[in-house]
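Okay, structure first, notes after.
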Amino acid sequence: MKHLFLTALLAVAMPAWADAVDTLKRFVQEVRSGQAAFTQTVTSPDGAKKRVTQGRFEFARPGRFRFEYDKPFEQLIVADGQKVWLYDPDLHQVTVRAMDQALGATPAALLAGGSLEKDFRLAPAEASDGLQWVEAVPRDKDSQFRTVRVGFRDQALAALEILDNFGQKSVLQFSQVQSNVAVPAERFRFTPPAGADVLEQ
């Protein structure tokens, strides 16, 4: 998850790069809620293995979000502003962590709330795939992620690339993006299903 960039000279020489940083800042400041469909592709460090999942993403600042994976395996991640809940229906298991411990300098914090310059070092990245990119590097040396790149198309959120400390890459491609829409508050509430194992971390 990561952030922002450069000087007037760079703006003249490489305007798209400078614009990408400004776009991320505006996204964080002006987009208070949103929802989108996503496809996530996870690639192993050697590039040999790929896993593709699909689902929906919703958020409302500050600090509330919902990732709902539905294909091929169901999984639900909900942040209610106080805690982050992860529910695995196959295991019938819920993992819950305090918000400040779970979020920090993570890709979810980058999208749903968090402090950009406090948590990340931001820099422009070269445009590719028709997108403007911003690279964010966590300031916390103990972060589980090396870098996060955020891609925008025509000022709209389009993609997120996450490289973890083991060299595994996750790419989320967003579609049907809607910004500043009313997302019902109950979407960010979670009650563990009856009989589920609840693990507090």
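Apart from one condition, residue 194 fits all of (1) part of a strand (DSSP E or B); (2) more than 23 Å from residue 56 (Cα to Cα); (3) modelled with pLDDT of 90 or more; (4) not charged (D, E, K, R); the exception is (1). Taking the stated definitions as given, is residue 166 in contact with a Pro (Cβ under 8 Å, 6 or more places away or on another chain) and touching a residue at least 24 places away in the same chain (Cβ under 8 Å)? Judged against the criteria, residue 166 is a match.
Applying the set (1) closer than 28 Å to residue 48 by Cα; (2) at pLDDT 90 or above to residue 71 leaves exactly one unmet item: (2). Of everything in region 142-159 that is aliphatic (A, V, I, L, M) and in contact (Cβ under 8 Å) with a residue 60 or more places away in the chain, the residue that is surrounded by the fewest Cβ atoms within 10 Å (Cβ to Cβ) is 157. Comparison of 64, 51 shows that the only residue that is crowded, with 20+ Cβ neighbours inside 10 Å and either modelled with pLDDT under 95 or polar (S, T, N, Q) (or both) is 64. Does any residue of region 174-190 turn out to be within 13 Å of the chain's Cα centre (by Cα) and of a type outside the set (A, V, I, L, M, F, W, C)? Checked region 174-190: no residue is within 13 Å of the chain's Cα centre (by Cα) and of a type outside the set (A, V, I, L, M, F, W, C).
Selection of region 37-77 for residues being over 24 Å from residue 198 (Cβ atoms) and assigned to a loop (DSSP other than H, G, I, E, B) yields 44, 45, 46, 47, 48, 49, 61, 62, 72.
Would a scan of region 50-65 turn up a residue that is within 16 Å of residue 170 (Cα to Cα), in contact (Cβ under 8 Å) with a residue 24 or more places away in the chain and of a type in the set (Ser, Thr, Tyr)? Checked against the condition, which is being within 16 Å of residue 170 (Cα to Cα), in contact (Cβ under 8 Å) with a residue 24 or more places away in the chain and of a type in the set (Ser, Thr, Tyr), region 50-65 yields no hits at all. Checked against (1) touching a helix residue (DSSP H, G or I) at 6+ places or on another chain (Cβ under 6 Å); (2) aliphatic (A, V, I, L, M); (3) exposed (fewer than 15 other Cβ atoms within 10 Å of the Cβ), residue 84 passes all but condition (3).
Against the test of being modelled with pLDDT of 95 or more and of a type in the set (D, E, K, R), the options 187, 146 yield a single qualifying residue, 187.
The residues of region 100-122 that are modelled with pLDDT of 80 or more and either crowded, with 18+ Cβ neighbours inside 10 Å or at positive phi (or both), listed by number, are 119, 120, 122. Scanning region 107-123 for residues that are assigned to a strand (DSSP E or B), in contact with a Phe, Trp or Tyr (Cβ under 9 Å, 6 or more places away or on another chain) and within 18 Å of residue 160 (Cβ to Cβ) turns up at least one hit. Tell me which residues, restricted to region 119-164, are over 20 Å from residue 179 (Cβ atoms) and β-branched (Val, Ile, Thr). Across region 119-164, the qualifying residues are 137, 147, 162.
The values are calculated or read from the model by the stated rules, or taken from the named source; none is laboratory data. Only a predicted model underlies this, so the values are computations on that prediction, with no experimental measurement involved. Neighbour counts are summed over all protein chains in view; Cβ atoms, including those assigned to glycine, are modelled from backbone coordinates with ideal geometry.
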